[in-house]
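Asker: Have a look at this one.
The values are calculated or read from the model by the stated rules, or taken from the named source; none is laboratory data. Computed from a predicted model, the values in this text were never measured in an experiment. Note: ideal-geometry Cβ built from the backbone for every residue, glycine included; neighbour counts use all protein chains shown.
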Amino acid sequence: MQKLLLAVDKLSTVVGKAFSWLIWLLTLMITWEVFSRYVLDNPHPWAFDVMSMMYGTLFMTAGAYTLSQNGHVRGDVLYGFFPPRLQAGLDLALYLLFFIPGVVALAWAGYNFAADSWAINEHSNITANGPPVYPFKTIIPIAGTILLLQGLVEIVRCVICLQQGDWPERGDDVAEVDIKKLKEMVHVKDEDIAKLDEYIVNPNKARK
């Protein structure tokens, strides 16, 4: 079971990281468009539509990856103090009541939107000769399906936690701060941190 959970995590991670390259492409495109518009006096009417679709694609495909890393924003003011079983119970209820219905609706509606868009060869009508929209709308059901699959994995994790009393392991990936590497870079040891903590709590004792 753990291998299956980690395999779905891996799928979400691969998809999220693959589409994350759109950040570079989007940055280059915005830079070129600003240069072309204000320096060369040659704006491209289709550029804004393409940028919006690229950012939307990036946003949608990152959803499952963020969920696999437990990185979505949640109210941790009280949640973080709850024991694992209570956390799992709350998560399970929220997944079943809100997440699953919402994501199923997203994937189903996205499929219909994409099918209609392909059928009429839809293009953006904000500008004349706008870019095609159907590739972008195709991303909606694909991203929704992957997000739904990752959500089912999270539900299984909740059930395992309720049974075992602790959360199952997740796959390792990037972290906001690598504490171990940071310590090595600044040449700080755990003993030094302990001495600093002792000095803060009791400065007189630490001097002795």
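Asker: I'd like the full set of residues that are of a type in the set (Ser, Thr, Tyr) and more than 28 Å from Tyr65 (Cβ to Cβ), limited to the range 20-50.
Answerer: Ser36, Tyr38
Asker: In the range 92-114, what count of residues is obtained for those that are touching a residue at least 60 places away in the same chain (Cβ under 8 Å) and surrounded by fewer than 16 Cβ atoms within 10 Å (Cβ to Cβ)?
Answerer: Counting residues in the range 92-114 that are touching a residue at least 60 places away in the same chain (Cβ under 8 Å) and surrounded by fewer than 16 Cβ atoms within 10 Å (Cβ to Cβ) gives 0.
Asker: So which of Thr127, Thr61, Thr66 is of a type in the set (Ser, Thr, Tyr), in a helix (DSSP H, G or I) and touching a residue at least 60 places away in the same chain (Cβ under 8 Å)?
Answerer: Criteria check complete, one pass: Thr61.
Asker: Condition test on Ser117, is it touching a residue at least 60 places away in the same chain (Cβ under 8 Å), touching a Phe, Trp or Tyr at 6+ places or on another chain (Cβ under 8 Å) and crowded, with 17+ Cβ neighbours inside 10 Å?
Answerer: It is false that Ser117 is touching a residue at least 60 places away in the same chain (Cβ under 8 Å), touching a Phe, Trp or Tyr at 6+ places or on another chain (Cβ under 8 Å) and crowded, with 17+ Cβ neighbours inside 10 Å.
Asker: A further question follows. What number of residues within the range 131-166 satisfy the criterion of being touching a Pro at 6+ places or on another chain (Cβ under 8 Å) and not aliphatic (A, V, I, L, M)?
Answerer: Of the residues in that region, 4 qualify.
Asker: Which of the residues belonging to the range 11-22 are in a helix (DSSP H, G or I) and either exposed (fewer than 13 other Cβ atoms within 10 Å of the Cβ) or more than 21 Å from the chain's Cα centre (by Cα) (or both)?
Answerer: Matches in the range 11-22: Val14, Ala18.
Asker: Can I ask one more? Being charged (D, E, K, R), more than 16 Å from the chain's Cα centre (by Cα) and at pLDDT 90 or above is the filter here, so list the residues in the range 133-180 that pass it.
Answerer: If the condition is that a residue be charged (D, E, K, R), more than 16 Å from the chain's Cα centre (by Cα) and at pLDDT 90 or above, then Lys137, Arg157 are the ones that fit.
Asker: What are the pairs with Cβ atoms under 9 angstrom where one residue, in the range 28-43, is assigned by TED's automatic domain parsing to the domain that holds Tyr55 and the other, located anywhere, is at pLDDT below 95 and exposed (fewer than 11 other Cβ atoms within 10 Å of the Cβ)? Sequence gap at least six, or different chains.
Answerer: Ser36/Asn42
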